[in-house]
Amino acid sequence: MSCLHYRETELYIENSRLKQVAEKFGTPCYVYSSSALASNWQAFDEALKSIPHRICYAVKANSNLAILHQLAKLNSGFDIVSLGELERVIAAGGDPKKVIFSGIGKSEIEIEQAIKKKIHCFNVESEAELEKLHQIASRLNTTVNVALRVNPNIDPHTHNYISTGLKENKFGIEINKIIPLGRQLASASHLRLIGIASHIGSQIVKLNPFLSAANRLLDIYLELRKSGINVQHINVGGGLGITYHDEHPPAIAEYVKALQQKFLKHPVEIIIEPGRSIVGNAGALLTRIEYLKHTSQKNFVIVDTGMNDLLRPALYNAWQAILPVELRNSEKRTYDIAGPVCESADFLGKNRTLAVQPGDYLAIDSAGAYGFSMSSNYNSRCRPAEVLIENDKMRLIRRRETIEDLFALEKI
Ligand code: LLP
């Protein structure tokens, strides 16, 4: 559910007026609801409370230190995909012992550093990675926890670019290799097999693909047990979708309960790696209208936010609601909402009916996940500010970049 709501004609997050946020911190500006973030995380924790579990928030969805700090205070674990994400978790007060390292291309330095920081587990995605991990662990004279990420060959029915569990995808280990690898690992001197994992994609709005993946994991778990290999955990990945438009994803509790049914009878810990379902609906992106432009073909609202600030519409043709921060009574027209970047892919929404004027603010809804974290400096644009709302308090959690920041690392 969106964290935005109108009171009379004004848009709010919690008890804070978004117009005031925009005036105080400028635009573009990401703004997050602290209570929405916490209640989404708690919904997972509550629904899983009857079985051993770990919620490892997927840092890539939103890696701002204040967001990570808030989740760390709730006792969250973290799913990371780079050394940068690990260092962010630690800087935010997260516990490396609750960190899981996913990703198909972990470098030697990343593996070594993660071992030294004593993370909980590596989700391994290939035989070659397993070998590298073994070499590094033996060089460091230590034993490392691993989980094997299975590619279960399941269609998650989501956008192609964010589908990860089909056999043609680069992710995970082919299912028929898992049992032999598991047996091999039993005799590895510096690796300890503690889990199996899968992650079939993102923005998944139906239960079935999740349940099929869980069935495959359960089959593997039972087969490993038959071979005398008892893994401690089953990691079901992330991927639960949210409502951007007219999608009806299962509620967090419904999704978790359905999964839980499968594993209840087995002495195993469930790990889950949600990103979008924790932070997606907990944030919005504020923008200001620079110009209205009318052509013989179309009406355009030109805003101060571009594809460098929010890439999802350009990259995935993603639909996100665009709402006036202050409602007007004037006539509505249908517009494409476009940014200042020099590409026709630079749009935030198409065919939206709005009553607006230059100088008005708009809020792009459900921008908490894969918004700021995918932003860039394309067109030498400064990345947005980020603000965290707690009731009627607004706190700057990342200052807007400055022109000096843009080339601070460069030399002539
Ligand atoms: N675990 C692994 C191994 C992942 O690769 C991901 C996301 C997650 C967990 C978290 O998935 P979530 O619960 O957030 O769906 N940029 C795209 C989404 C890419 C997702 C990448 N992996 C977007 O804006 O839609």
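The values are calculated or read from the model by the stated rules, or taken from the named source; none is laboratory data. Note that the structure is a prediction, hence the values are computed from the model and not measured. Here Cβ is always computed from backbone atoms with ideal geometry, including for glycine, and neighbour counts include all displayed protein chains.
Odds and ends about this structure:
- Condition met for ARG225 (charged (D, E, K, R), in contact with a helix residue (DSSP H, G or I) (Cβ under 9 Å, 6 or more places away or on another chain) and more than 29 Å from GLU112 (Cβ to Cβ)): no
- Selected residue (only one of LEU18, LEU86, LEU71, LEU11 is in the same structural domain as LEU240 (by TED's automatic domain parsing) and either touching a Lys or Arg at 6+ places or on another chain (Cβ under 8 Å) or under 26 Å from LEU348 (Cβ atoms) (or both)): LEU86
Let's see how each residue does on (1) within 13 Å of the ligand (Cβ to nearest atom); (2) in contact (Cβ under 8 Å) with a residue 60 or more places away in the chain:
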| residue | (1), (2) |
| --- | --- |
| PRO209 | yes, no |
| ALA213 | yes, yes |
| LEU217 | no, yes |
| ILE220 | no, yes |
| GLU223 | no, no |
| GLY238 | yes, yes |
| ALA253 | no, yes |
| GLN261 | no, no |
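- For first residues located in segment 179-198 and in the same structural domain as SER126 (by TED's automatic domain parsing), partners that are within 16 Å of the ligand (Cβ to nearest atom) and at pLDDT below 95 and lie 6+ apart or on another chain with Cβ distances below 6 Å form the pairs SER198/PRO152.
- Within segment 289-313, considering residues that are among the β-branched types (Val, Ile, Thr) and part of a strand (DSSP E or B), the one nearest to the ligand (Cβ to nearest atom): VAL303
- Residues (at positive phi and touching a strand residue (DSSP E or B) at 6+ places or on another chain (Cβ under 7 Å)) located in segment 189-239: GLY201, GLY237, GLY239
- Which listed residue is within 16 Å of the ligand (Cβ to nearest atom) and either under 30 Å from PRO313 (Cβ atoms) or part of a helix (DSSP H, G or I) (or both), from GLU129, GLU168: GLU129
- Within segment 142-163, residues that are on the phi > 0 side of the Ramachandran plot reach partners that are surrounded by fewer than 20 Cβ atoms within 10 Å (Cβ to Cβ) with beta carbons closer than 8 Å, at six or more positions or on different chains, in the pairs ASN153/LEU166; ASN153/LYS167; ASN153/ILE175; HIS157/VAL205; HIS157/LYS206.
- Helices (runs of 4 or more DSSP H) fully within segment 1-107 counting 3 or more residues that are over 19 Å from the mean Cα position of the chain (by Cα): 18-25
- Single match in HIS233, HIS199 (criterion: more than 30 Å from GLY371 (Cβ to Cβ), within 16 Å of the ligand (Cβ to nearest atom) and buried (at least 21 other Cβ atoms within 10 Å of the Cβ)): HIS233
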